[in-house]
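Asks: Structure incoming, see below.
The values are calculated or read from the model by the stated rules, or taken from the named source; none is laboratory data. As the structure is a prediction and not an experimental result, all values here were calculated from the model. Every residue, glycine among them, receives a Cβ derived from its backbone with ideal geometry; neighbour counts consider all protein chains shown. Side chains are part of the model used for accessible areas, which takes the heavy atoms of the whole protein and leaves out ligands, DNA and RNA. Shrake-Rupley method; radii C 1.70, N 1.55, O 1.52, S 1.80 Å.
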Amino acid sequence: MKLYDGGRAPNPRRVRVFLAEKGITVPTEQVDLGALAHKSDAYTAINPLQRVPALVLEDGTILTESIAICRYFEAEKPEPPLFGRGAKEVAAVEMWQRRVEFHLLMPISFVFRHLHPAMKPMEVPQVAEWGEVNKPKAVEFLALLDRELKNRPFVAGDRYSVADITGMICIDFMKPAKLALPDGLDHIKRWHAEVSARPSAKA
Ligand SMILES: N[C@@H](CCC(=O)N[C@@H](CS)C(=O)NCC(=O)O)C(=O)O
């Protein structure tokens, strides 16, 4: 088995955090995004979409998409459950994981990809206006998330889950995207400090 990792990039990081929470160690190969190693023929054969992370299993099966990779490990090692337990909790984790991914990770990614000069060779064409219009979208969702976190400790409920992992990497990704966390989001700040204090956050 081998995990193709991508250093500080947010998607590979959420898989690493997930693995750390599970206590799973996987042989890893770093793909140097800065050197465009993910566009090499060798890596394109693994993931024709030229994105990291990717997981290659013993039998040659290739899994891409961070959440698909996390789901593989959840099924292999169910404890601690990070996709919820029981019908209601599993559905709530799915709902919040998707909400955070679509309404926060995507806008922040668009801001980063379309406005950061270092992304020019990867995001072709860079459309600065698209980056700009996504800034308020991210901020709008953060306000919603802050209201939700007023009533519960974690993104999807009373327990830490993969939705918290996606949320945490989003907040951390705001820095390279040059987005500031707006003032007054005290519930997000409390939650982010708590999830960042977990040993897995260093992964
Ligand atoms: N939906 C994919 C997104 C993967 C993705 O976009 N990875 C970024 C790093 S965070 C990447 O490989 N970027 C390289 C590029 O855009 O050329 C997932 O969840 O894993």
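Asks: Which FRET efficiency value, to the nearest 0.05, is calculated for Lys2 and Lys175 with the Förster distance at 35 angstrom and r the Cβ-Cβ distance?
Replies: 0.75
Asks: To the nearest µm²/s, what D does Stokes-Einstein give for the range 69-203 at 25 °C and 0.890 mPa s, using the Kirkwood radius over alpha carbon pairs as Rh? Could you put the intermediate results ahead of the total?
Replies: On the way: Rh = 15.7 Å.
Rounded, D is 156 µm²/s.
Asks: Follow-up. List the residues, sorted by chain then number, that are 5 or more residues from Glu29 or on another chain and whose placed amide H is less than 5 Å from its amide H.
Replies: Leu3, Tyr4, Asp5
Asks: Give the carbon-plus-sulfur fraction of the accessible surface of the range 74-145 in %, rounded to a whole number; probe 1.4 Å, heavy atoms of protein chains only.
Replies: Carbon and sulfur: 64 percent of the exposed surface of the range 74-145.
Asks: Then there is this: In square nanometres and to one decimal, what's the mean projected area of the convex hull around the Cα atoms of the range 134-203?
Replies: Mean projected area of the Cα convex hull: 4.6 nm².
Asks: For Ala193 and Asp158 in the same chain, what is the full-extension length gain: residue separation times 0.36 nm, less their Cα-Cα distance, in nm?
Replies: Extending this stretch completely gives an extra 11.0 nm.
Asks: Could you check the spin-label model distance between Val133 and Glu148? Points 7 Å from the Cα along Cα→Cβ, value in nm.
Replies: Roughly 2.4 nm, to one decimal.
Asks: Considering every pair of different Cα atoms, what Kirkwood radius, in Å, is found for the range 1-76?
Replies: Its Kirkwood hydrodynamic radius stands at 12.3 Å.
Asks: May I ask what percent, to the nearest 5, of DSSP beta bridges between residues of the chain are antiparallel?
Replies: Of the beta bridges lying entirely in the chain, close to 70 percent run antiparallel.
Asks: Can you give me the Kirkwood hydrodynamic radius for the range 75-131, using every pair of distinct Cα atoms, in Å to one decimal?
Replies: When all Cα pairs of the range 75-131 are included, the Kirkwood radius is 13.6 Å.
Asks: Something else: In whole Å and largest first, what semi-axes does the C-alpha gyration tensor of the range 106-169 yield when each eigenvalue is scaled by 5 and square-rooted?
Replies: 30, 13, 6
Asks: Shifting gears a bit: Before I look further, what does the chain give for accessible area per residue, probe 1.4 Å, in whole square angstrom?
Replies: Each residue of the chain exposes 51 Å² on average to a 1.4 Å probe.
Asks: Given the options Glu29, Glu129, Glu58, which has the most mean-square fluctuation in a GNM of the chain, springs set between C-alpha atoms less than 10 angstrom apart?
Replies: Maximum fluctuation in the GNM of the chain, among the listed residues, is at Glu58.
Asks: Further question: If we sort 177-183, 10-16 on the protection proxy, mean other Cβ atoms within 10 Å, highest first, what's the order? Don't skip to the end; give the middle numbers.
Replies: Details: 177-183: 13.9, 10-16: 23.4.
Going from most to least packed, we get 10-16, 177-183.
Asks: Quick one: Kirkwood hydrodynamic radius for the range 1-149, alpha-carbon pairs, angstrom, one decimal?
Replies: 16.9
Asks: Run the helix sum for the chain: -39,500 (n - 2.57) per DSSP H stretch of 4+ residues, divided by residue count, reported at 222 nm to the nearest 500 deg cm²/dmol. It would help to have the intermediate numbers written out before the result.
Replies: Values: 8 runs with 99 residues, N = 203.
After summing the helix terms and dividing by residue count, I get -15500 deg cm²/dmol.
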